[in-house]
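Visitor: Structure incoming, see below.
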Amino acid sequence: MLEVNQLECRRGDRRLFTELDFSLSSGTLMHVRGRNGSGKTTLLRTLCGLFTPERGEIRWNGESIRELGEEYRRDLLYFGHTNGIKGELTGLENLSIAATLDGDRVEETAIWDALKRIGLAGFEDLPTRMLSQGQKKRVALARLILTRARLWILDEPFTALDVDAVALLQTLIADHVATGGIAALTTHQEVPLTSGQIEQLNLGN
Amino acid sequence: MLRVFWCILSRDLTLAMRRRTDVLTTLFFFVIVVSLFPLGVGTESKALQIIGPGVVWVAALLASMLALERLYAADYEDGTLEQMLLTAQPLSLLVLAKIAAHWLLTGLPLVLIAPLVGMQYQLADSAIGIMMLALLVGTPILSLIGSIGAALTLGLRGGGILLSLLILPLYIPVLVYGAGAVEVSQIDLADTQPYFALLGAFLLIALVFAPVASSAALRISLE
Amino acid sequence: MALNWFKFASPATFYPIAGRLIPVFWILTLLLLAIGLYWGFFETASQLGGSNPQKEYYRIIFIHVPSAWMSMWLYIVMVAWAAIGLIFNTRLSFMMANAVAPTGAIFTFLALWTGAFWGRPSWGTYWDWDPRLTSELVLFFMYIGYMALHSAIDDTRRADRASALLAIVGLIMVPVIFWSINCPDPNQCAALHQRSNLTRIDGNILFSMLTMTLAFWMYSFATTFMRLRGIILTREAENTWVQDLLNARGRT
Amino acid sequence: MSEFFSQGGFAFFVWGAYGMVALLLVAEILQLRAEWRTIWSRLGRLTRMRDSGGTE
């Protein structure tokens, strides 16, 4: 359960949004909408704890995320504008490092399977800088298959993906929500859910 | 805890091994700076012995400074640093692992090449030994303190020059005692002990505080 | 109801208060400067005795010592505001730290300059690697570093917080740096350099020195508040109270 | 009077030190005043821009 109380964020001298309230219970997908510069990315980064809000509080299962710290981050998966993978390392290495840092012990076969499912069979042990933009993004998205995080925060996850990958990602998100997970994302793409509910949040006006 | 530390350490070492030139440039920078001084000051052995310790230390400061810029920059650009801030691990631990890798790649080579440099300056064997030991204790402090500056100047234009402006004054104590130990060793070896005690104390303090300050700085810089 | 300090610490509340205080500080500055300078030049002996006679040039002490003191105190003031800002996330404290820095840097430079002009007639050299001069130079670099870092970052929030952290790290390092300069050889650390002793100084000299110090304090308050008001206006330009202020000014 | 200005032959040092102090402090004040004026004129410009944008 993610609760947001009276959130206010500023960027530079500009106030992006103020008195923002919402709460997401398990099995919810939230769409964040708004024009460019309305603070979508800032909101998502604030939800991750990367950005300190001017005012207000964010609670995870009833406790402030500031106090939870690492405990909150264990439940969190963030996917930002950058892929967060190293070009010099292979897809396998990238994913196994990410899993170790998340505190999960993931079998190597699980990583092979994840890369296969995301459509990168045959590219597992190539340095990722040799892959195309879309393929790099797929490597990063393979983390969604491996992770055990309950809360997904995805910033424009669908850009640079082809039709197949978009469909796969939609399935992944829908499955996550169906199994009681929470997801917040900014996108122009609709995500059809099998079960669970969709919330809409409009920033700016 | 240890598993995560090793994970980051081996990751950074692997990355460096796949892009070897970065490590070598730092080392050659150090050697070139040190070799240029006798050409400017004159090659008389008495003069060289006097300026030797200071020159080696200043060159070490500059070399470690040069390498510091890359400590977080690459991870910042591809977003892996952001992911590190969001992992379920204490950030100071990850930072410490990164600093350790950075020292192994840029500090340790300086220690190992010190005998060669010492010979250029006609230093006695005992003085060279002391110099290696002083560099061994001192260069980790440089990496630790420098990491704070590298984190603060992350992604800024002209970050490199700014970094040296911020960090070089903080290097003064290491320079004073590091070079002092080598100078004193030319007179009496026994006198060097307090120098090492002080450098060791600095190292311990830096080990405790620098990772915490660096991770605070990273959180500020990545907002 | 408890007094809400955070409300008091809002830029909108502080702006008019600072505006009313600035003239008071200017009057005090001028008054104290007049007394201090008069006393320093006309009520003190033209020569100091002792084994090392100091002639008229010792009058530099009336500006040298106060600027050196101010340079250190202002650094501490700056770090204090920076730390308060980091802990309580109050915008005004960061602005305060920002406003103090240039004045501090100026006093540090003046301490160095007047020190050199004193050093030349008494030691025969403008610059000596004396621990105090060297430490002052390091302090100058710290101020410059703080201001350079702040101006290099476009995002004000990051600039505030990053430079605040730098200032705090600097304050922790300053004693270590000063000590290492003061005692480069740990085997002979007992022999400390010249120590000043305020009670040994002639009463008239002490009086003008302290008056000048107070004058510099008042000057620092005045300039800091002036700069602070500028910073507040720039950063709060969007807010309604600034708009009201502007309209009121436009009408008169 | 000239005795006062010569400061026992140390005029250069005494007035060099005091002169620099006076110079820098006055310069700081002038700079602050100039800055103050630029801030106000910029604020005025901003409001005028907003006002004219609002009446359209």
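Visitor: So C:I181 clears everything in (1) β-branched (V, I, T); (2) farther than 30 Å from B:L175 by Cα; (3) modelled with pLDDT under 85 except one condition, right? Which one?
Guide: Evaluating C:I181 over (1) β-branched (V, I, T); (2) farther than 30 Å from B:L175 by Cα; (3) modelled with pLDDT under 85 leaves (2) as the failure.
Visitor: Here's another thing I want to ask about it. crowded, with 18+ Cβ neighbours inside 10 Å and either modelled with pLDDT of 85 or more or outside any helix (DSSP H, G or I) (or both): which single residue out of C:L3, C:L28, C:L32 fits that description?
Guide: C:L32
Listed here are the residues, each with its yes/no results for (1) under 24 Å from A:M130 (Cβ atoms); (2) not charged (D, E, K, R).
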site	(1), (2)
A:L77	no, yes
A:L89	yes, yes
A:T100	yes, yes
A:D104	no, no
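Visitor: When you scan region A:1-115 for strands (runs of 3 or more DSSP E) that lie fully inside it, which ones turn up with 2 or more residues that are more than 14 Å from chain B (Cβ to nearest Cβ) and surrounded by fewer than 17 Cβ atoms within 10 Å (Cβ to Cβ)? Explain how you work it out, then say what you get.
Guide: On the way: elements: A:2-11, A:14-24, A:28-33, A:55-60, A:76-79.
Fully inside region A:1-115 and qualifying: A:2-11, A:14-24, A:55-60.
Visitor: Considering only residues that are closer than 23 Å to A:T46 by Cβ and not in a loop (DSSP other than H, G, I, E, B), look in region A:177-196 and name the one that is farthest from the chain's Cα centre (by Cα).
Guide: This residue is A:V177.
Visitor: Can you name every residue in region A:110-151 that is on the phi > 0 side of the Ramachandran plot and either touching a residue at least 40 places away in the same chain (Cβ under 8 Å) or of a type in the set (A, V, I, L, M) (or both)?
Guide: Matches in region A:110-151: A:G119 only.
Visitor: Provide a single number: the residues in region B:151-177 that are in a helix (DSSP H, G or I), buried (at least 18 other Cβ atoms within 10 Å of the Cβ) and either among the β-branched types (V, I, T) or in contact with a Pro (Cβ under 8 Å, 6 or more places away or on another chain) (or both).
Guide: So the answer is 5.
Visitor: Of all residues in region D:17-30, count the ones that are facing chain C (nearest Cβ under 9 Å) and either more than 14 Å from C:F109 (Cα to Cα) or not in a helix (DSSP H, G or I) (or both).
Guide: Within region D:17-30, residues that are facing chain C (nearest Cβ under 9 Å) and either more than 14 Å from C:F109 (Cα to Cα) or not in a helix (DSSP H, G or I) (or both) number 1.
Visitor: Kindly provide the set of residues from region C:14-46 that are closer than 30 Å to C:W241 by Cβ and among the small types (G, A, S), ordered by number.
Guide: C:A18, C:G19
Visitor: Among the residues of region C:132-147, write down those that are within 11 Å of another protein chain (Cβ to nearest Cβ) and in contact with a helix residue (DSSP H, G or I) (Cβ under 6 Å, 6 or more places away or on another chain).
Guide: Passing the criteria: C:T134, C:S135, C:V138, C:L139, C:F140, C:F141, C:M142, C:Y143, C:G145, C:Y146, C:M147.
Visitor: Failed condition for B:Q89, given (1) touching a residue at least 24 places away in the same chain (Cβ under 8 Å); (2) closer than 19 Å to B:L27 by Cα, with all others met?
Guide: If we test B:Q89 against (1) touching a residue at least 24 places away in the same chain (Cβ under 8 Å); (2) closer than 19 Å to B:L27 by Cα, just (2) comes out false.
Visitor: Residues of region C:213-247 being assigned to a loop (DSSP other than H, G, I, E, B) and either within 7 Å of chain D (Cβ to nearest Cβ) or modelled with pLDDT of 85 or more (or both), which ones? Don't jump to the end; show me each part of the working.
Guide: Here is the first cut: in region C:213-247, the ones assigned to a loop (DSSP other than H, G, I, E, B) are C:236-239.
Of everything in region C:213-247, just one residue is assigned to a loop (DSSP other than H, G, I, E, B) and either within 7 Å of chain D (Cβ to nearest Cβ) or modelled with pLDDT of 85 or more (or both), namely C:A237.
Visitor: So, one more: With the requirement that a residue be out of contact with any Pro (no Cβ under 7 Å at 6 or more places or on another chain), crowded, with 19+ Cβ neighbours inside 10 Å and under 15 Å from C:M78 (Cα atoms), what does region C:129-144 give you?
Guide: Those that are out of contact with any Pro (no Cβ under 7 Å at 6 or more places or on another chain), crowded, with 19+ Cβ neighbours inside 10 Å and under 15 Å from C:M78 (Cα atoms): C:L139, C:F140, C:Y143.
Visitor: Next question, about the same structure. Which pairs have Cβ atoms under 6 Å, sit 6 or more apart or on different chains, and link a residue in region A:62-79 that is of a type in the set (D, E, K, R) to one that is buried (at least 18 other Cβ atoms within 10 Å of the Cβ)?
Guide: Every condition considered, the pairs that remain are A:E70/B:A88; A:R73/B:L86; A:R73/B:A88; A:R74/B:A88; A:D75/A:A149; A:D75/A:R150; A:D75/A:L151.
Visitor: Restricting to region B:35-54, name every residue that is out of contact with any Leu (no Cβ under 9 Å at 6 or more places or on another chain) and aliphatic (A, V, I, L, M).
Guide: Hits for region B:35-54 are B:L36, B:L39, B:A47, B:I50, B:I51.
Visitor: Hey, any hits in region B:159-168 for a residue that's closer than 30 Å to B:G42 by Cβ and away from chain C (no Cβ under 14 Å)?
Guide: Within region B:159-168, none of the residues are closer than 30 Å to B:G42 by Cβ and away from chain C (no Cβ under 14 Å).
Visitor: Let me ask something else about it. Does B:A97 satisfy the condition of being among the small types (G, A, S) and touching a Phe, Trp or Tyr at 6+ places or on another chain (Cβ under 6 Å)? So that I can check it myself, show each step before the final result.
Guide: Working: among the small types (G, A, S): yes; touching a Phe, Trp or Tyr at 6+ places or on another chain (Cβ under 6 Å): yes.
Yes, satisfied.
Visitor: Looking at region C:86-104, which of the residues that are out of contact with any Gly (no Cβ under 9 Å at 6 or more places or on another chain) and buried (at least 22 other Cβ atoms within 10 Å of the Cβ) is farthest from C:R229 (Cα to Cα)? Before the answer, list the steps.
Guide: Taking region C:86-104 as the starting set, the residues that turn out to be out of contact with any Gly (no Cβ under 9 Å at 6 or more places or on another chain) are C:86-90, C:98, C:100-104.
With buried (at least 22 other Cβ atoms within 10 Å of the Cβ) added as a condition, the list becomes C:98, C:100-101, C:103-104.
Working: C:N98: 11, C:V100: 12, C:A101: 15, C:T103: 15, C:G104: 17 Å.
My answer is C:G104.
Visitor: Would you pick out the residues in region C:164-181 that are under 15 Å from B:T153 (Cβ atoms) and within 8 Å of chain B (Cβ to nearest Cβ)?
Guide: The answer is C:L165, C:L166, C:V169, C:G170.
Visitor: Hey, does region B:55-72 have a residue that's touching a Leu at 6+ places or on another chain (Cβ under 9 Å) and within 14 Å of chain A (Cβ to nearest Cβ)?
Guide: Yes, the conditions are met somewhere in region B:55-72.
Visitor: Got at least one residue in region B:206-222 being of a type in the set (D, E, K, R), assigned to a helix (DSSP H, G or I) and either surrounded by 20 or more Cβ atoms within 10 Å (Cβ to Cβ) or free of Cβ contacts under 8 Å to residues at least 24 places away in the same chain (or both)? Steps first, please.
Guide: In the first step, residues of region B:206-222 are kept if they are of a type in the set (D, E, K, R); the result is B:219.
Now restrict to residues that are assigned to a helix (DSSP H, G or I): B:219.
Subset that is either surrounded by 20 or more Cβ atoms within 10 Å (Cβ to Cβ) or free of Cβ contacts under 8 Å to residues at least 24 places away in the same chain (or both): none.
Within region B:206-222, none of the residues are of a type in the set (D, E, K, R), assigned to a helix (DSSP H, G or I) and either surrounded by 20 or more Cβ atoms within 10 Å (Cβ to Cβ) or free of Cβ contacts under 8 Å to residues at least 24 places away in the same chain (or both).
Visitor: In the list C:S180, C:S151, which residue meets the criterion of being surrounded by 20 or more Cβ atoms within 10 Å (Cβ to Cβ), in a helix (DSSP H, G or I), of a type in the set (S, T, Y) and free of Cβ contacts under 8 Å to residues at least 60 places away in the same chain? Reasoning before the result, please.
Guide: Values: C:S151 fails: surrounded by 20 or more Cβ atoms within 10 Å (Cβ to Cβ).
The unique qualifying residue is C:S180.
Visitor: Do you know which residues across region B:176-200 are farther than 14 Å from B:M132 by Cα and either touching a Leu at 6+ places or on another chain (Cβ under 6 Å) or at the interface with another protein chain (Cβ under 10 Å from one of its Cβ atoms) (or both)?
Guide: The answer is B:V176, B:V184, B:D188, B:A190, B:D191, B:Q193, B:P194, B:A197, B:L198.
Visitor: Could you tell me which numbered condition A:T159 fails, if it satisfies all but one of (1) over 30 Å from A:F22 (Cβ atoms); (2) exposed (fewer than 15 other Cβ atoms within 10 Å of the Cβ); (3) within 18 Å of the chain's Cα centre (by Cα)?
Guide: Failed condition: (1).
Visitor: While we're here: State whether the residues of region B:40-60 include one that is buried (at least 21 other Cβ atoms within 10 Å of the Cβ) and either of a type in the set (S, T, Y) or within 15 Å of B:A217 (Cα to Cα) (or both).
Guide: So far as region B:40-60 goes, no, none of its residues is buried (at least 21 other Cβ atoms within 10 Å of the Cβ) and either of a type in the set (S, T, Y) or within 15 Å of B:A217 (Cα to Cα) (or both).
The values are calculated or read from the model by the stated rules, or taken from the named source; none is laboratory data. This structure is a prediction, so every number in the text was calculated from the model and none was measured. Ideal geometry is used to build each Cβ from the backbone, glycine not excepted, and the neighbour counts take in all protein chains shown.
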